[in-house]
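Chemist: If you scroll down you'll find the structure; I have some questions about it.
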Amino acid sequence: MSLLPRTTSVKPGEKFDVIIVGLGPAAYGAALYSARYMLKTLVIGETPGGQLTEAGIVDDYLGLIEIQASDMIKVFNKHIEKYEVPVLLDIVEKIENRGDEFVVKTKRKGEFKADSVILGIGVKRRKLGVPGEQEFAGRGISYCSVCDAPLFKNRVVAVIGGGDSALEGAEILSSYSTKVYLIHRRDTFKAQPIYVETVKKKPNVEFVLNSVVKEIKGDKVVKQVVVENLKTGEIKELNVNGVFIEIGFDPPTDFAKSNGIETDTNGYIKVDEWMRTSVPGVFAAGDCTSAWLGFRQVITAVAQGAVAATSAYRYVTEKKGKK
Ligand code: NAP
């Protein structure tokens, strides 16, 4: 089984019933269901697995017990390959709504046409915006604990954030690093309680709560993180070799707006319970959407992909029936 889905040669200008934009769990879910509805489907995306490429062991997807994320991507590939869904590794730059069809413009391969579009385009990592962050990016600062933890074996690190990513990151880092500071701006956590309880039991993790990072300092590489306690105003410098910024993600607001698709007040693509966006014929699924009160998991993304494909199927069938 491969980490790359079997790609297909498609001709620019070719028309599809549905074009799925993205290659994360939402896109895989949409691809499977579109294929099963026998829609002429094309998937266009850049990174097979999307954010799953940055995950370690996944144990909250029913039926796949303690699976490595990379193995999960391989299983997803195998499943859509069974249905011979064409996949194009490319970047979608623009979706033009021509009224009777959509023209999906890619960076490398040209344009493709479709009666409907499903967006499973995910989110982008959020930056802290403090002095030193840009300067030390890749020189001690990382945005992916799961990917970079082994590089910090026997080192001292800080993880910033209080969500699932930060707590999962702190847990992974605790088995490589000698000491892990978990710096969070509150004293309660957004993360699932099971992660918080697991990390609390790690003897080499120190919680630095009600605290924010003011600056990341160093010379050639990171040396200190400057932290302010929001309750006491105390400023501390912690000596660290690495800083893992795990403070969440930003939605693809600009992409949505530039294609005439409405977003919610937080910038996520607005969808209804059938994953319909504000543009008839365009559907969205997964982390990029406002769906399900922002409950963003692999299992929900895949499910939303399936719902979006069902809506696309109904839309395309109705459209064809009118011709
Ligand atoms: P998240 O849930 O949005 O949490 C972000 C955390 O960073 C919050 O604790 C937030 O603090 C903090 N934060 C945000 N901006 C900050 C800033 N400027 N300065 C300091 N702290 C800041 O993001 P996430 O943890 O990356 O998770 C993203 C999504 O992926 C979530 O839906 C999550 O459930 C999912 N995920 C799931 C798993 C899993 O195992 N199932 C693993 C990883 C991620 P506040 O709490 O004060 O807002």
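The values are calculated or read from the model by the stated rules, or taken from the named source; none is laboratory data. What you see is a predicted model, and the numbers here were worked out from it, not measured in a lab. Glycine gets a Cβ as well: all are built from the backbone with ideal geometry, and neighbour counts include every protein chain shown. These accessible areas exclude ligands, DNA and RNA; they are computed on the full protein's heavy atoms, side chains included. Shrake-Rupley method; radii C 1.70, N 1.55, O 1.52, S 1.80 Å.
Chemist: Residues to consider are Ala55, Ala30; find the one that is open to solvent by less than 20 Å² (accessible area, probe 1.4 Å) and within 28 Å of Thr253 (Cα to Cα).
Modeler: Numbers: Ala55 fails: open to solvent by less than 20 Å² (accessible area, probe 1.4 Å).
Just one listed residue meets the conditions, Ala30.
Chemist: Tell me, which residue of segment 182-191 that is within 7 Å of the ligand (Cβ to nearest atom) and either at pLDDT below 95 or more than 24 Å from Asn239 (Cα to Cα) (or both) is least open to solvent (accessible area, probe 1.4 Å)? Write out each step before concluding.
Modeler: Within segment 182-191, the subset within 7 Å of the ligand (Cβ to nearest atom) is 184-186, 189-191.
Filter once more, keeping what is either at pLDDT below 95 or more than 24 Å from Asn239 (Cα to Cα) (or both): 189-191.
On the way: Phe189: 45, Lys190: 172, Ala191: 8 Å².
Among those residues, the one meeting the criterion is Ala191.
Chemist: Consider Tyr315 against the criteria (1) away from the ligand (no atom under 16 Å from the Cβ); (2) within 18 Å of Ala256 (Cα to Cα): it satisfies all of them except one. Which criterion is unmet?
Modeler: (2)
Chemist: Any idea which of Phe295, Phe244 is free of Cβ contacts under 8 Å to residues at least 24 places away in the same chain, closer than 25 Å to Arg126 by Cα and out of contact with any His (no Cβ under 8 Å at 6 or more places or on another chain)?
Modeler: Going through Phe295, Phe244 in turn, the sole match is Phe295.
Chemist: Now for a separate question. Tell me, yes or no, whether segment 211-233 has at least one residue that is under 14 Å from Leu167 (Cα atoms), outside the structural domain of Glu93 (by TED's automatic domain parsing) and away from the ligand (no atom under 11 Å from the Cβ).
Modeler: no
Chemist: Please specify each residue of segment 107-136 satisfying the condition of being over 24 Å from Asp254 (Cα atoms) and either of a type in the set (Gly, Ala, Ser) or in the same structural domain as Ser165 (by TED's automatic domain parsing) (or both).
Modeler: Once the filter is applied, which keeps residues that are over 24 Å from Asp254 (Cα atoms) and either of a type in the set (Gly, Ala, Ser) or in the same structural domain as Ser165 (by TED's automatic domain parsing) (or both), segment 107-136 yields only Gly132.
Chemist: What pairs can you find where one residue is in segment 194-207 and more than 11 Å from Ser174 (Cβ to Cβ), the other is loosely packed, with under 13 Cβ neighbours inside 10 Å, and their Cβ atoms are less than 8 Å apart, with a gap of 6+ or different chains?
Modeler: Cβ pairs passing all conditions: Phe207/Lys200.
Chemist: Is there a residue being modelled with pLDDT under 95, of a type in the set (Phe, Trp, Tyr) and out of contact with any Phe, Trp or Tyr (no Cβ under 9 Å at 6 or more places or on another chain) anywhere in segment 135-152?
Modeler: Scanning segment 135-152, I find at least one residue that is modelled with pLDDT under 95, of a type in the set (Phe, Trp, Tyr) and out of contact with any Phe, Trp or Tyr (no Cβ under 9 Å at 6 or more places or on another chain), so the answer is yes.
Chemist: Got at least one residue in segment 192-214 being under 19 Å from Leu52 (Cβ atoms) and open to solvent by less than 40 Å² (accessible area, probe 1.4 Å)?
Modeler: No, every residue in segment 192-214 fails to be under 19 Å from Leu52 (Cβ atoms) and open to solvent by less than 40 Å² (accessible area, probe 1.4 Å).
Chemist: Does at least one position in segment 235-244 carry a residue that is touching an Asp or Glu at 6+ places or on another chain (Cβ under 7 Å) and surrounded by fewer than 17 Cβ atoms within 10 Å (Cβ to Cβ)? Show your work before the answer.
Modeler: Here is the first cut: in segment 235-244, the residues touching an Asp or Glu at 6+ places or on another chain (Cβ under 7 Å) are 235.
Checking the rest, the ones that are also surrounded by fewer than 17 Cβ atoms within 10 Å (Cβ to Cβ) come to 235.
Yes, segment 235-244 contains at least one residue that is touching an Asp or Glu at 6+ places or on another chain (Cβ under 7 Å) and surrounded by fewer than 17 Cβ atoms within 10 Å (Cβ to Cβ).
Chemist: Only residues that are open to solvent by 70 Å² or more (accessible area, probe 1.4 Å) and over 19 Å from Phe283 (Cα atoms): list them for segment 76-110, please.
Modeler: Lys78, His79, Lys82, Glu84, Lys107, Arg108, Lys109
Chemist: Also, I was wondering about something else. Quick one: which of Lys109, Lys94, Lys105 is without any contact (Cβ under 8 Å) to a residue 40 or more places away in the chain and away from the ligand (no atom under 16 Å from the Cβ)?
Modeler: Step by step, each of Lys109, Lys94, Lys105 is checked, and only Lys105 is without any contact (Cβ under 8 Å) to a residue 40 or more places away in the chain and away from the ligand (no atom under 16 Å from the Cβ).
Chemist: Does Trp292 meet the test of being in contact with a helix residue (DSSP H, G or I) (Cβ under 8 Å, 6 or more places away or on another chain) and in a helix (DSSP H, G or I)?
Modeler: yes
Chemist: Residue under question is Lys11, and the condition is that it be open to solvent by 20 Å² or more (accessible area, probe 1.4 Å), touching a residue at least 60 places away in the same chain (Cβ under 8 Å) and over 16 Å from the mean Cα position of the chain (by Cα); does it hold?
Modeler: Numbers: open to solvent by 20 Å² or more (accessible area, probe 1.4 Å): yes; touching a residue at least 60 places away in the same chain (Cβ under 8 Å): no; over 16 Å from the mean Cα position of the chain (by Cα): yes.
So Lys11 fails the test.
Chemist: Hey, any hits in segment 112-122 for a residue that's more than 30 Å from Val213 (Cβ to Cβ), out of contact with any helix residue (DSSP H, G or I) (no Cβ under 7 Å at 6 or more places or on another chain) and either at pLDDT below 95 or open to solvent by 30 Å² or more (accessible area, probe 1.4 Å) (or both)?
Modeler: yes
Chemist: Within segment 150-182, track down each residue that is without any contact (Cβ under 8 Å) to a residue 40 or more places away in the chain and more than 18 Å from Val208 (Cα to Cα).
Modeler: Scanning segment 150-182 gives Pro150, Lys153, Asn154, Ser175, Tyr176.
Chemist: When you scan segment 133-153, do you find a residue that is within 16 Å of the ligand (Cβ to nearest atom), surrounded by fewer than 18 Cβ atoms within 10 Å (Cβ to Cβ) and among the charged types (D, E, K, R), even just one?
Modeler: Among the residues of segment 133-153, at least one is within 16 Å of the ligand (Cβ to nearest atom), surrounded by fewer than 18 Cβ atoms within 10 Å (Cβ to Cβ) and among the charged types (D, E, K, R), which makes the answer yes.
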